[in-house]
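One structure is given here, and the rest of the page talks about it.
Read the figures in this text as sums done on the coordinates, not as results from a lab. As the structure is a prediction and not an experimental result, all values here were calculated from the model. Every residue, glycine as well, gets a Cβ built from its backbone with ideal geometry; the counts of neighbours run over all protein chains shown.
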């Protein structure tokens, strides 16, 4: 059984990771990189910022549903995935900046 404090902590981490994913995605787009997710690319067609924001709202909503449905364990596992995604985004951003000569490796 999961304690209420643990659930809150995991959901807070989830929210922070959503924010970090949003910010790193926006930085990547700003320096000329592309979104690789077909779903996100589809909703970004008209406005990239709005598309990424909508995807984050959907993710937060799904996370809230998991809490409501007492599926807190899912949030913990999803956090690992989003942490990896944020690290990946940072890596791709650094690679993109190195290729353009904006930073030196």
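Scanning the range 85-105 for residues that are over 12 Å from residue 24 (Cα atoms) and assigned to a helix (DSSP H, G or I) gives 95, 96, 97, 98, 99, 100. In the set 51, 63, only one residue is surrounded by 15 or more Cβ atoms within 10 Å (Cβ to Cβ), out of contact with any strand residue (DSSP E or B) (no Cβ under 8 Å at 6 or more places or on another chain) and touching a residue at least 40 places away in the same chain (Cβ under 8 Å); that residue is 63.
Residues that are outside any helix (DSSP H, G or I), within 16 Å of the chain's Cα centre (by Cα) and free of Cβ contacts under 8 Å to residues at least 40 places away in the same chain do not occur anywhere in the range 66-84. Just so you know, in the range 37-50 the residues that are over 14 Å from residue 21 (Cα atoms) and part of a loop (DSSP other than H, G, I, E, B) include one that is nearest to the chain's Cα centre (by Cα), and it is 44. Scanning the range 5-36 for residues that are out of contact with any helix residue (DSSP H, G or I) (no Cβ under 8 Å at 6 or more places or on another chain) and either assigned to a loop (DSSP other than H, G, I, E, B) or crowded, with 17+ Cβ neighbours inside 10 Å (or both) yields a single hit, 36. Checked against (1) touching a residue at least 12 places away in the same chain (Cβ under 8 Å); (2) touching a helix residue (DSSP H, G or I) at 6+ places or on another chain (Cβ under 7 Å), residue 103 passes all but a single condition, namely (1).
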